[in-house]
Amino acid sequence: MNLNYLDFEQPIAELEAKIEELQLVGNDNEINISEEIAKLQDKSQRLTESIYSDLSAWQIVKVARHPQRPYAVDYIERVFDDFDELHGDRHFGDDKAIVGGVARLDGQPVMVIGEEKGRGVNDKIYRNFGMPKPEGYRKALRLMEMAERFRMPVLTLIDTPGAYPGIDSEERGISEAIARNMAVMSRLRTPIICTVIGEGSSGGAIAIGVGDWLNMLQYATYFVISPEGCANIIWKTVDKAPQAAEAMGVTSTVLEELGIVDETIPEPLGGAHRDIDAMAGTLKTRLADQLGRLKGMPLDELLAKRFDRLMSYGNT
Amino acid sequence: MSWLDRIRKGPGIRTRKSTTVPEGLWHKCPRCSSPLYRPELEKNADVCPKCDHHIRIGARRRLDIFLDPGDREEIASDVVPVDRLKFKDVKKYKDRLSSAQKQTGEKDALIAMRGSVRGLPLVATVFEFAFHGGSMGYAVGERFTRAARVSLEHRIPLICFSATGGARMQEALISLMQMAKTSAILERLKAEGIPYVSVMTDPVYGGVSASLAMLGDINIAEPGARAGFAGPNIIEQTIRQKLPKGFQRSEFLLEHGAIDMIVHRKDMRDTVARLLSKLTGHALNEEAENAETVT
């Protein structure tokens, strides 16, 4: 099994392996097999298209958690210019699971805040696997309030398996930190755009997820409890996670229907990790468009709309 | 079993009988196992007279203990749960709802009531834990929000007694959004200078802890109540070690600065009234001061 491919992508992996083999042969010999390679590449493309045209909720969860999926820092360096990272919550520490700072989007100053899972073992440990503690959310809060003072829009990138469930998190009031962020974001006097780039898990996600516009990348997921957690509670086994994912409707398609997600941002064929630059390019264009629209609105109107939207959640 | 066996096994049967607490008039304290006489227990606000354990009580009972008798008006009772996702696991969510409704006589897990405490007008919201673990879905969030709007409109304090396992997963992301919704309306109260008191009663976890329960101008907990974001099992699984004794209990919350005070159920009415009187400038009803607050 090729680990760069997910279980349901293995037929694609086999084709790609064959193509690679042929390319090596082609280099060694005089025989022209480019025609054969092109045929196989075409087949691989069509196979990917067909597999990706009908992904189950659980398969999307897997794409969202793909080990090669681009994370917040990958987007920050590609979408924004001139990023200066700012550290610390001024009370306790600096949480590496949340990256934040000032940057420019198409020349305009913005505040960027993203949850970062980390790549590779050491980096993952350094980032606590993208599970923020209270000081992470309080750093985010500090930066958002700063953005309000300096009239900078806030752009958040959501990607977390959840707020960190640990003794220290509880001791320092993780619940209060999450609650406070949502409360303040509901009235922050500057445009806020939130984008779920990977995994939006529950309170840990919505703690930086309240704003004027909510994007989801095509294969990102957003849920109130992880499918495994849900399966564990209801079926008493994580084996039922696929059913739980289906039942909860964790994908952008369902969440757009529910009026929770505003916009689904398409990913390259086979997921964002297949072409990070292209994905970042699309994201940049969309964010710039959305920001232009939001900045064109009078602030009072923007805030009234944000509030009404919050109040309407769940109304039929 | 023959009559002979019955006689032979007699002593065994008798032993079992002596440990059983009769239904109805007697109640067994879940903590110290003392048999408690129901009328006595009720006089004591359902707090065990032997070990002071605060026994979980229903929302209506809570309102009866807390509010002044008389003028009360229920808020948003017309808001009922909606199964937007047609959620189905081993059972249909719809069926789970109707059995919870049958069992509790309530439409969902939060009751909101306009009333007064020692003459001080306020809006009280109470979670019904017996309804689906007091979980917050659309109806709970909406009822809470409408209750807060009544507070805003009449400029009277809001109080919430929470008892909940957290967000209701059968309503998936709609539940999660109730966290943002309730937090947003509380921010309005804050801007308007209308007090909000949050009282945590055992237990308060997850999405409710991480929204409306922790946002009080004043946060209170009943003695021994457990409150936190992640449940103890989840934390133990994550960190692979045993949790310290008393972790996430009221005393722990007070020690770590999450709450202002621990208040005994029998003192709740007077304490909240005293606090709100100072925050609002509203005078309290004197004659009620020494009245029996517990029915």
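Among the listed residues A:Asp159, A:Asp106, which satisfies the condition of being touching a helix residue (DSSP H, G or I) at 6+ places or on another chain (Cβ under 7 Å), away from every other protein chain (no Cβ under 11 Å) and crowded, with 22+ Cβ neighbours inside 10 Å? Don't jump to the end; show me each part of the working.
On the way: A:Asp106 fails: crowded, with 22+ Cβ neighbours inside 10 Å.
Result of the check over A:Asp159, A:Asp106: A:Asp159.
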**OP:** Search segment B:97-125 for residues that are touching a residue at least 60 places away in the same chain (Cβ under 8 Å) and at positive phi and pair each with any residue that is part of a helix (DSSP H, G or I) and of a type in the set (Lys, Arg) when their beta-carbon atoms are under 9 Å apart and the residues are at least 6 apart or on different chains.
**Re:** B:Arg118/B:Arg269; B:Arg118/B:Arg274
Original post:
What pairs can you find where one residue is in segment A:219-247 and closer than 16 Å to A:Gly162 by Cα, the other is among the charged types (D, E, K, R) and outside any helix (DSSP H, G or I), and their Cβ atoms are less than 7 Å apart, with a gap of 6+ or different chains?
Top reply: A:Thr221/A:Glu199
**OP:** Identify the single condition in (1) surrounded by 19 or more Cβ atoms within 10 Å (Cβ to Cβ); (2) modelled with pLDDT under 95 that A:Asn315 does not satisfy, given that it satisfies every other one.
**Re:** (1)
**OP:** Could you tell me which of the residues B:Glu236, B:Glu222 is surrounded by 19 or more Cβ atoms within 10 Å (Cβ to Cβ) and among the acidic types (Asp, Glu)?
**Re:** B:Glu222
Subject >> A:Ile233, sole failed condition from (1) more than 11 Å from chain B (Cβ to nearest Cβ); (2) hydrophobic (A, V, I, L, M, F, W, C); (3) surrounded by fewer than 21 Cβ atoms within 10 Å (Cβ to Cβ) >> reply: (1)
**OP:** Six or more apart or on different chains, Cβ under 7 Å: which pairs go from a residue in segment B:168-184 that's acidic (Asp, Glu) to one that's surrounded by 24 or more Cβ atoms within 10 Å (Cβ to Cβ)? Could you list them?
**Re:** B:Glu171/B:Gly137; B:Glu171/B:Tyr138
**OP:** Look at B:Ala163 and say whether it is crowded, with 20+ Cβ neighbours inside 10 Å, within 12 Å of chain A (Cβ to nearest Cβ) and more than 22 Å from A:Leu255 (Cβ to Cβ).
**Re:** no
Original post:
Taking segment A:59-103, which residues are surrounded by fewer than 19 Cβ atoms within 10 Å (Cβ to Cβ) and in a helix (DSSP H, G or I)?
Top reply: A:Glu77, A:Arg78
Original post:
Of A:Asp308, A:Asp262, A:Asp277, which residue is more than 25 Å from B:Tyr93 (Cβ to Cβ), within 20 Å of the chain's Cα centre (by Cα) and within 14 Å of another protein chain (Cβ to nearest Cβ)?
Top reply: A:Asp262
**OP:** Show the residue pairs that are 6+ apart or on different chains and have beta-carbon atoms under 6 Å apart, the first residue being within segment B:33-48 and of a type in the set (S, T, N, Q), the second being surrounded by fewer than 16 Cβ atoms within 10 Å (Cβ to Cβ).
**Re:** B:Ser34/B:Lys50
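Here's the yes/no breakdown for (1) more than 8 Å from chain A (Cβ to nearest Cβ); (2) more than 18 Å from the chain's Cα centre (by Cα); (3) farther than 25 Å from B:His154 by Cβ; (4) assigned to a helix (DSSP H, G or I):
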residue	(1), (2), (3), (4)
B:Ile194	yes, yes, no, no
B:Ser198	yes, no, no, no
B:Asp202	yes, no, yes, no
B:Gly207	no, no, yes, yes
B:Gly216	yes, no, no, no
B:Asn219	yes, no, no, no
B:Asn233	yes, yes, yes, yes
B:Glu236	yes, yes, yes, yes
B:Lys242	yes, yes, yes, no
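The values are calculated or read from the model by the stated rules, or taken from the named source; none is laboratory data. Small disclaimer: the values here were computed from a predicted structure and weren't measured. FYI the Cβ positions are ideal-geometry reconstructions off the backbone, even for glycines, and counts take in every protein chain you see.
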